[in-house]
1. Just name the residue that is farthest from residue 91 (Cα to Cα) out of those in segment 109-130 that are of a type in the set (D, E, K, R) and within 18 Å of the chain's Cα centre (by Cα).
2. Residue check: is residue 148 surrounded by 19 or more Cβ atoms within 10 Å (Cβ to Cβ) and more than 25 Å from residue 9 (Cα to Cα)?
3. Determine whether residue 43 is touching a residue at least 40 places away in the same chain (Cβ under 8 Å), under 22 Å from residue 164 (Cα atoms), crowded, with 21+ Cβ neighbours inside 10 Å and of a type outside the set (A, V, I, L, M).
4. Quick one: which of 101, 141, 171 is of a type in the set (Lys, Arg) and either within 18 Å of residue 26 (Cα to Cα) or at pLDDT below 95 (or both)?
5. I'd like the residue in segment 51-73 that is of a type in the set (Gly, Ala, Ser) and in contact (Cβ under 8 Å) with a residue 40 or more places away in the chain and, out of all such residues, is surrounded by the fewest Cβ atoms within 10 Å (Cβ to Cβ).
6. Take the residues in segment 98-127 that are aliphatic (A, V, I, L, M) and exposed (fewer than 14 other Cβ atoms within 10 Å of the Cβ), then tell me which one is nearest to residue 190 (Cα to Cα).
7. Taking the condition of being modelled with pLDDT of 95 or more, over 13 Å from the mean Cα position of the chain (by Cα) and more than 26 Å from residue 163 (Cβ to Cβ), how many residues in segment 56-98 meet it?
Amino acid sequence: MPLSTSVETEIATLAAAYGQPRRVTVTLDGALFDPLTKPDRYGEVCMVVQRRNGCLLTAIKTFYPAGCYRLLTGGVAHGESIEAALWREVEEETGLLVAVRQFLAVIEYQPAPFATFAFLLDELGGELAVRDPEERIGSFREITVADLPALAAILDAAPDAEDVDIGGNWRAWGRFRAVVHRVVHEILTEENPP
């Protein structure tokens, strides 16, 4: 299902301010899971937070399989703008002050009517701390851009097990989560070759 006209209009406005995002469509196999099945959202923002030392911020939630750190994401509710969700989620999950450097990607998933809007953010200040305990973030980890494919591989290999916390299978969830890591890696390495 294509994104609504109002969402496409906002994407165009964000692209004018932060750069044209890469558009990617991915077909997912198997049954759906959280967040794809949550009725309160049509997508998520992916916060690619670059810390002052140049590393990217990742996190793991308390109920995730061991080692499944990932880039931070947060839901975009129906009726909420993508940019409003971005600022809200950065505050809730990190407490950091950031600036948008680049609108990286819009990833649409089939058959789920769901999209990921990825932004590269520069840390400006603040103290890293979870502001919303309902986020259930267990810990943070810093990685380099070069580490993104390895992180995607770990997510791809999440256990083939059902879990009530995501209302589905961890392996399917991990394959979905791996996508944005590969897309972000591809974009960032094309723009800044090693």
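The values are calculated or read from the model by the stated rules, or taken from the named source; none is laboratory data. The structure presented is a predicted model; accordingly, all values stated were derived computationally and were not measured. Here Cβ is always computed from backbone atoms with ideal geometry, including for glycine, and neighbour counts include all displayed protein chains.
1. In this case the residue turns out to be 122.
2. yes
3. Numbers: touching a residue at least 40 places away in the same chain (Cβ under 8 Å): yes; under 22 Å from residue 164 (Cα atoms): yes; crowded, with 21+ Cβ neighbours inside 10 Å: yes; of a type outside the set (A, V, I, L, M): yes.
It is true that residue 43 is touching a residue at least 40 places away in the same chain (Cβ under 8 Å), under 22 Å from residue 164 (Cα atoms), crowded, with 21+ Cβ neighbours inside 10 Å and of a type outside the set (A, V, I, L, M).
4. On the way: 101 fails: either within 18 Å of residue 26 (Cα to Cα) or at pLDDT below 95 (or both); 141 fails: either within 18 Å of residue 26 (Cα to Cα) or at pLDDT below 95 (or both).
Just one listed residue meets the conditions, 171.
5. Taking segment 51-73 as the starting set, the residues that turn out to be of a type in the set (Gly, Ala, Ser) are 54, 59, 66-67.
Now narrow it down to the ones that are in contact (Cβ under 8 Å) with a residue 40 or more places away in the chain: 54, 59, 67.
Numbers: 54: 9, 59: 23, 67: 11.
Among those that are of a type in the set (Gly, Ala, Ser) and in contact (Cβ under 8 Å) with a residue 40 or more places away in the chain, it is 54.
6. Step one: of segment 98-127, the residues aliphatic (A, V, I, L, M) are 98-100, 104-107, 112, 115, 118, 120-121, 124.
Add one more test, that the residue is exposed (fewer than 14 other Cβ atoms within 10 Å of the Cβ), and what stays is 99, 124.
Details: 99: 22, 124: 25 Å.
Only one residue fits best here, namely 99.
7. 11
Yes/no matrix, rows are residues, columns are (1) of a type in the set (Asp, Glu); (2) free of Cβ contacts under 8 Å to residues at least 40 places away in the same chain; (3) under 21 Å from residue 177 (Cα atoms):
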position: 49; (1), (2), (3): no, no, yes
position: 79; (1), (2), (3): no, yes, no
position: 93; (1), (2), (3): yes, no, yes
position: 103; (1), (2), (3): no, no, yes
position: 106; (1), (2), (3): no, no, yes
